[in-house]
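The values are calculated or read from the model by the stated rules, or taken from the named source; none is laboratory data. Just so it is clear, the structure is predicted and the values come from calculations on it, not from any experiment. Note that we place each Cβ from the backbone using ideal geometry, even for glycine, and neighbour counts take in every protein chain shown. Only protein heavy atoms, including side chains, enter the accessible area calculation; ligands, DNA and RNA are left aside. Shrake-Rupley method; radii C 1.70, N 1.55, O 1.52, S 1.80 Å.
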Amino acid sequence: MLKMTHLSKVYRTEVVETYALRDFNIDVKEGEFVAVTGPSGSGKTTFLTIAGLLETFTGGEYMLDGVDVSGLNDNARSKIRNEKIGFIFQAFNLIPDLNVFDNVEVPLRYRGMKAAERKQRIMDALERVGLASRLKHYPAELSGGQQQRVAIARALAGSPRLLLADEPTGNLDTQMARGVMELLEDIHREGATIVMVTHDPELAARAQRNVHIIDGQEVDIAEEPRFQAEQAASSHG
Ligand SMILES: Nc1ncnc2c1ncn2[C@@H]1O[C@H](COP(=O)(O)OP(=O)(O)OP(=O)(O)O)[C@@H](O)[C@H]1O
Ligand SMILES: [Mg+2]
């Protein structure tokens, strides 16, 4: 469903060129649950923002559901984004001017759903993340972890075909993180394809497949000495 071939992303300023992704290859099949790991600055968020059509890329090819994404204009890109992609991102998160209920409603508006059904789905989703008592709160009136959970409720309510999550448990305590992982597993069982960036080895281990990124490239974990060193360090710490 999501296939990138020899993809590159270069950030250019007047003084430097940064390759955030370089000859990057990935093939995520429909219905897969993939965890993406890698050191800070390795290109994980860059990969997700390109995958979610929030950013363009510099070279290579990206096919989403068999469509060559580089040929799409802004309108076509946002239509695909709204109809089939759900995001749980740190930066691209809640709309500050909308309260909790309205934030969760956003993706449903694109699906031509009746008001009663929308309300039902929103309430169900907020209940599942334990925020049914915060409907009228604005994002600024919530803790970081609560904001994260609203984003998860929004993804749950919208039943996206492709869910992209960037450190979905980053702001949460261990127990809440497990709860979120269970919700993601529910969304997966309901048929969604999930790509989740995480630093948490316990969460990564629960995905069907792990993809490791170093210096903007996917690497084979078994053949990567640096990763083995990292693993050894984290299992002793
Ligand atoms: N807007 C930008 N302008 C210039 N360089 C950027 C920009 N965004 C990202 N980069 C660079 O691209 C590289 C990859 O960044 P990215 O955010 O994808 O890393 P990451 O793997 O998500 O890291 P982390 O685990 O810390 O979130 C970094 O070296 C970063 O400095
Ligand atoms: Mg990141």
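A compact table of results
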{"quantity": "Of all residues making up the stretch 78-113, the number that are closer than 25 Å to Ser133 by Cβ and among the charged types (D, E, K, R)", "calculated": "4"}
{"quantity": "Test: Ile88 is within 16 Å of ligand 2 (Cβ to nearest atom), within 30 Å of Pro201 (Cα to Cα) and either in contact with a Ser or Thr (Cβ under 9 Å, 6 or more places away or on another chain) or not charged (D, E, K, R) (or both)", "calculated": "yes"}
{"quantity": "Number of positions in the stretch 58-85 that are in contact with a helix residue (DSSP H, G or I) (Cβ under 6 Å, 6 or more places away or on another chain) and of a type outside the set (Ser, Thr, Tyr)", "calculated": "0"}
{"quantity": "Condition check for Ile88: aliphatic (A, V, I, L, M) and modelled with pLDDT under 95", "calculated": "yes"}
{"quantity": "Conditions (1) more than 16 Å from ligand 2 (Cβ to nearest atom); (2) in contact with an Asp or Glu (Cβ under 9 Å, 6 or more places away or on another chain); (3) open to solvent by 10 Å² or more (accessible area, probe 1.4 Å); number of the one not met by Leu162", "calculated": "(3)"}
{"quantity": "Residues satisfying the stated conditions in the stretch 167-183, i.e. open to solvent by less than 10 Å² (accessible area, probe 1.4 Å) and touching a Lys or Arg at 6+ places or on another chain (Cβ under 9 Å)", "calculated": "Val180, Met181"}
{"quantity": "Residue that is nearest to ligand 1 (Cβ to nearest atom), among those in the stretch 137-162 that are in contact (Cβ under 8 Å) with a residue 60 or more places away in the chain and within 18 Å of Asp200 (Cα to Cα)", "calculated": "Gln148"}
{"quantity": "Residues of the stretch 180-204 classified as farther than 21 Å from Pro107 by Cβ and in contact (Cβ under 8 Å) with a residue 12 or more places away in the chain, total", "calculated": "7"}
{"quantity": "Filtered residue count, the stretch 27-40, keeping only those that are over 21 Å from Glu202 (Cα atoms) and either of a type in the set (Lys, Arg) or within 16 Å of ligand 2 (Cβ to nearest atom) (or both)", "calculated": "1"}
{"quantity": "Selection status of Phe47, within 21 Å of Gly191 (Cα to Cα) and within 16 Å of ligand 2 (Cβ to nearest atom)", "calculated": "no"}
{"quantity": "Flag if Ala207 is modelled with pLDDT of 90 or more and within 25 Å of Leu54 (Cβ to Cβ)", "calculated": "yes"}
